Every structure is written in structure tokens, then in C-alpha cells.
Amino acid sequence: MALLLFDLVLCALLLLLAGAAMLSRSLTQAVTLFIAFGVMMALAWARLKAPDLALAEAAIGAGLTGALCFTALVRYAKQPAYPQPALWRPLTFIGLVTALLLASLSQIPLQPSSAIPALVQQHLPQSGVSHPVTAVLLNFRAWDTLLELLVLLLALLGARQAPGDLPRYRGWSLSISWSRLLSPLLLLVSGYLLWRGAAAPGGAFQAGALLASGLVILRLNQQLSWLSWRHFWVRMLVLGGLLAFVLAGAVSLLLQDLGAVWLSWPQSIAGAVILIVESFATLAIAVTLTLLVVGEPKPEVADA
Amino acid sequence: MLSFYLYLGTAVLLVGIGGLGLWRGPELLRRILALNVIGAGIFMLMVTLAYRPVMQGEPADSVLHALVLTGLVVAVSATAFALALLGRLLTRAD
Amino acid sequence: MTIMLMISWLLLALGLMFFLAGSIGLLRFPDSFSRLHAVTKADTLGLGLLVLGLSLQSSWREGLLMALIWLIVMASGAVSCQLLARFSDEQPSESATQQED
Amino acid sequence: MSVVALILLFSMLLGIWRVLKGPALLDRLLTIQLFGSTGVAILLVLSKVFALPALLDVALLLAILAAAAPAALVQRLRQQKQRSRQRTSL
């Protein structure tokens, strides 16, 4: 009973935050509400027993999205206020569509009819890891993960074509030393998440997102000035995830018999291959997201 | 049972709210936020569908969880790309 | 065992009281700085009591992890309180210098 | 035990009013702070309710990031003020 009430309040909070973010007059308020919405989504994933997603959402929603949106807000600094458009026409149309969608929800069967989860459970012992989500991401559907790394790379290359012009600024010493104090802990927890991914919720995406949040926070506090695209090894780190993936695919193709499928690992070394690929993927995800979020600062701008 | 439909309904309503924000705007930044809200609604629909086996005492559907996990990271990178374009646009408007 | 459980629930209830007090403070206090005070202090203490109450019902490993979480939240409450206060303190003065320019 | 989570969630609901009302930016940032610490508490309680120890890791992660995020965000917002000041001096 209390759990049902909990669900009710959680859903009400989610809808309230999203609605207020869309309709609020000030953009700063909208961004603040959206960040709070991200934290609430992490709670919703925890409630729906998806701890993997809760980990990723907490890292992305509480760290990366905040930095991204506040950077955008900085650019909106002196824009004139936009007039508020009328509400009734979009509201009628969207309300109608949403009502139809809501009515169609009763068609969703309560019993899942897909046979795929059973297949995953059946092949889990041969995958090299014991956590099903990691097995799906890095073994059964390794193609998806490979292509996702490609998408990340493309996003970074695209964003590099549109550089911003944010000046550097000197931070407070309290904030700088606090971020320095936290950084070993962030590194430790990312490593822990990566290692745990074999047997429990965790893995490359969560560890990469957390590491990226940590790096972003350090970058915003004037640390890690070497972390930019100009540096050769940073570029190698960005490419490393894809390269390790393709290399692992090629090597395991050679090790297996003729007729083996691309990106299927030999069973005896599957665990090791997954760990190596995941380590490189974590670093690649972390560095790519960091560069995407903080961008390149202008070479030198005088302090205030 | 009731919670299941509650979360399904919330997912659909989130998509609706996001669609409203996407239509109405008026700032581009708010439209990007609206796309993220629509994405959150769709992810929630998928995770709620993955929750169905839990109601029968089985583990949740890991394939859907993996899909949503991929989606979360792709969504944040797409948002970052969109915001970079937005930043460029605002710089030129100055 | 039942006494432990009772103590645990007592601590949980106390912790909840501090959380609610923090939220009510955020709602009702007259100016931003007292609201800052309410949120960063009351919630930290509430979380501490909650962690204590929960760790009476769980294994020592989980208890240790929860204690670590509490330490982080406590330190961050203190630091972010300072940073936020300094940030809002800077706002009026900056606009004043801007007018002088 | 889920009653505890419910009450915590309710205290978050109270905080929303402050984001909507403002008036200063500080008040809005404060609500994010409140959401961070209360969210950590809810995750701890949920991990007990569902017997899912993995949620403790989520709470740890949220605690670290909620700790570090305000510091970083405040830096960015100070850039905003610097930027608008540069603009007016040009």
C-alpha cells in the first residue's frame, strides 16, 4: 500500500517537474527543474528494479546534463526575452494524441510474450560474465555497443566543427581543492563499477559516465589542462574504444574455426576479452563525453 | 498491477509534455530539453515493459535494460552535439 | 533483537523528522541564507540518523558503505553551503561594479 | 519500510514549491541540493525494501556527484556574469 502511494507521488513529481520545466517563464528555472527531473528519473529506475540504468542516469543526470545545460545558459546570457506563445492550439492537439495513446495502453499484454530473456538466461554461462545486462551489451549484442562508440565519436567530431567561445575564469580555491580531494574517490568508484560489471550492475557505460562527470568537474575547476583534442594521446584514448573492439573482433575471428561470426568471442577467453574491451571503452566514453561537454576553451584569456 | 499501469501512463504523459514543449518553445534550448523529456518517456515505457517479469517473480528483462542503457548514452551525446550547434548559432547572432 | 529493531525505527523516525524539518525550513524561512542553512544542515543530520537506523538492520559491509556515503554527503553539505553562499554574495557586488564601469 | 521512502519523497515534493517560487537563483540551486541529499536517502531505503544491494552503489554515486556538481555549476554561472560584463564594456 505504501509502495503504491510511493509510486503515485513519484509519478506526480516526475510529471510536475517536466511540465513546469516546459512551461516556466524563465529559462534558468527550466534548466534547474530539468536537472531535478534527472535525479528523479534515477529514483524511478531504482524503483523499477533497473539498477544499471539508475547508475547511468545518476552519473549523467546529476553530473553531465547539469554542466551541459548551464554552459548553454551562459551563452543565452544577454539574449532578449522571448514572448510566450499561445498555449491552446498545441495543448488541444497534443492532448488529443496523448489521450488516444493512453487509451491504447490497455492493449499491452501483462504477460511478456518474447522468448529473448529466456535465451539470454540459457546462454549466460557461455558469455564469460554472469551479469545479464553486461552479457547482452558486450557479447550477444556487441554490434550495438561497437556502433554506439562510433556514434559518440561522430558526435564529438561534429561538435568540434562548431567551437564555442567561453572565456576561462579563475575559480575559488575552496572549489578547486574540493574537486581535487574528490578526484581519487571518483577514479576509485569508476574502477569499482567497471570491475563489478562482470557479476553485478555496473560496467563500461556507467563507469565511463561517472568518470566523465568527474573529469568535467575537474576541467571546470581549471585542472587537467592537457585534456584537449590537440594532445595526441587524448585522440588515441578517444579512438581506443573502437580500436580495441575491432582488434578483439579480428583476433577472436582468427582464433575460432571457419564460419565463426564477427564479434563473437571464443568461450574460453570471453571474460578476459570483455574486460579488456570494456576498459578501453570506459576510457573512450569518459574522454569523449568530457570533450563534448566542456569543449575547448579559448587558448588564453586574461583573468577577471 | 496498478503500479504497472501507473508507470505506463506516466511514460505516455511525459511524451505528451515533451511534445508540448517541443511545439511551443519558444527558446531553442527549451526545445532541446523537450526532446530529452520525450526520450525519458520512451525509456520509461521500455523499462516498465521490462518490469513485467518481476511481477511474476522472475528477473527483469535484461535485453530491454541494455537497450535503454545504450539509449541513455546516445541521448546525452546527441544533446551535447545539439547544444554545441546552439552555441554556435547564438555566437553568430551576436 | 526486538530492542535493536525498536531503536532502529526510533532512529529512522528521528531522521525523517529532520528531513521534513529541512524541507519546511526551505519553504518557510524568510531569506535565502537561512534557507541555505536549513537544507544543508538538517538534511545531513537526518541522513546520519537514517544511516544509523538502517545499519542496525543490515550487515557490517553495507553499514560501512552507508557510513562512507554519509561522510561524503556531510563534507559536501559543508562545502557546497560555502560555495553557494559565496556565489550569491558575489551577485549584488558584481552588478554594483558593473555600474561603476 | 516503504513508508519511510514515501515520507522522504513527500519532503521532496515540498521542495518543489521553492524552485517554482524562487526568488533568487540561490533558492533554485538549493532545491537541487535538497534533491541530491534526499535522493541518496531514498536510494538507501529502497535498497533495503527491495533487498537490492546494487542500489547502495547508486546512492554512493549520487552522493559523490551531488557533492561535486554545485561547485562546478557555480563556476560556470560566474562565467556568465563575466561574459555579460565583457559585453557591456565593449
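None of the figures in this text is laboratory data; all of them are computed from the coordinates on show. As the structure is a prediction and not an experimental result, all values here were calculated from the model. Backbone-built Cβ (ideal geometry, glycine too); neighbour counts: all protein chains shown.
Please compute the modelled spin-label separation between A:L96 and A:Y192, points set 7 Å along Cα→Cβ, answer in nm with one decimal.
5.4 nm
In deg cm²/dmol, rounded to 500, what helix-only [θ] at 222 nm does chain A give when every DSSP H run of at least 4 residues adds -39500 (n - 2.57) and the total is split over its residues?
-22000 deg cm²/dmol
Using helices alone, what [θ] at 222 nm do you get for chain C, with -39,500 (n - 2.57) per DSSP H run of 4 or more residues, divided over all residues and rounded to the nearest 500?
On the way: 4 runs with 87 residues, N = 101.
-30000 deg cm²/dmol, from helical runs alone.
For the stretch A:130-304, just the Cα atoms, rotate onto the principal axes and tell me the three extents in Å, largest first.
Reported extents, whole Å, longest axis first: 65, 33, 21.
A:V251 to C:M4: FRET efficiency via 1/(1 + (r/R0)^6), r the Cβ-Cβ distance, R0 56 Å, to the nearest 0.05? Numbers along the way, then the final one.
On the way: r = 55 Å, r/R0 = 0.99.
With R0 = 56 Å, the Cβ-Cβ based efficiency is 0.50.
What is the spread of the Cα atoms of chain A along each of their three principal axes, largest first, in whole Å?
The principal-axis extents, from largest down, are 66, 58, 36 Å.
P(r) of the stretch A:172-270 in 10 Å steps, Cα pairs, percent per bin?
Calculated P(r), rounded to whole percents: 14, 30, 31, 17, 7, 2, 0.
Within chain A, which is the longest segment that contains none of the chymotrypsin sites (Phe, Trp or Tyr not before Pro) sitting in a DSSP loop with at most 12 other Cβ atoms within 10 Å?
A:1-225
Using the Karplus curve 6.51 cos²θ - 1.76 cosθ + 1.60 with θ = phi - 60°, what ³J(HN,Hα) values do you get for each residue of the stretch B:40-56, in whole Hz, with x for Gly and Pro?
Per-residue couplings from phi come out as 4, x, 5, 4, 5, 4, 5, 5, 5, 5, 5, 7, 3, x, 4, 5, 9 Hz.
From the phi of every residue in the stretch A:140-148, what ³J(HN,Hα) in whole Hz does the Karplus formula 6.51 cos²θ - 1.76 cosθ + 1.60 yield, where θ is phi - 60° and glycine or proline is x?
5, 10, 4, 4, 4, 5, 4, 5, 5
Count the net charge of all other residues whose Cβ sits under 15 Å from the Cβ of A:A18, scoring Lys and Arg as +1 and Asp and Glu as -1.
Cβ neighbours under 15 Å give a net charge of +2.
Among A:Q107, A:Q256, A:Q206, which one shows the highest mean-square fluctuation when chain A is modelled as a Gaussian network with alpha-carbon springs under 10 Å?
A:Q107
Over the alpha carbons of the stretch B:2-93, what is the largest minus smallest coordinate on each principal axis, giving the biggest first in Å?
For the stretch B:2-93, the Cα spread along each principal axis is 57, 24, 10 Å.
Rounded, prolate or oblate: which one fits the protein assembly as shown, using the alpha carbon gyration tensor with axes a ≥ b ≥ c (rounded when a/c is under 1.5, else prolate when a/b beats b/c, else oblate)? All intermediate terms of the calculation are to be shown ahead of the outcome.
Numbers: a/c = 1.38, a/b = 1.14, b/c = 1.21.
In terms of gyration-tensor shape, rounded.
Once the piece of chain linking A:Q222 and A:A199 is laid out straight, how much longer is it, given 0.36 nm per residue of separation minus the C-alpha distance between them?
4.6 nm
Starting from the alpha-carbon convex hull of the stretch A:31-140, give the projected area averaged over all orientations, in nm².
11.1 nm²
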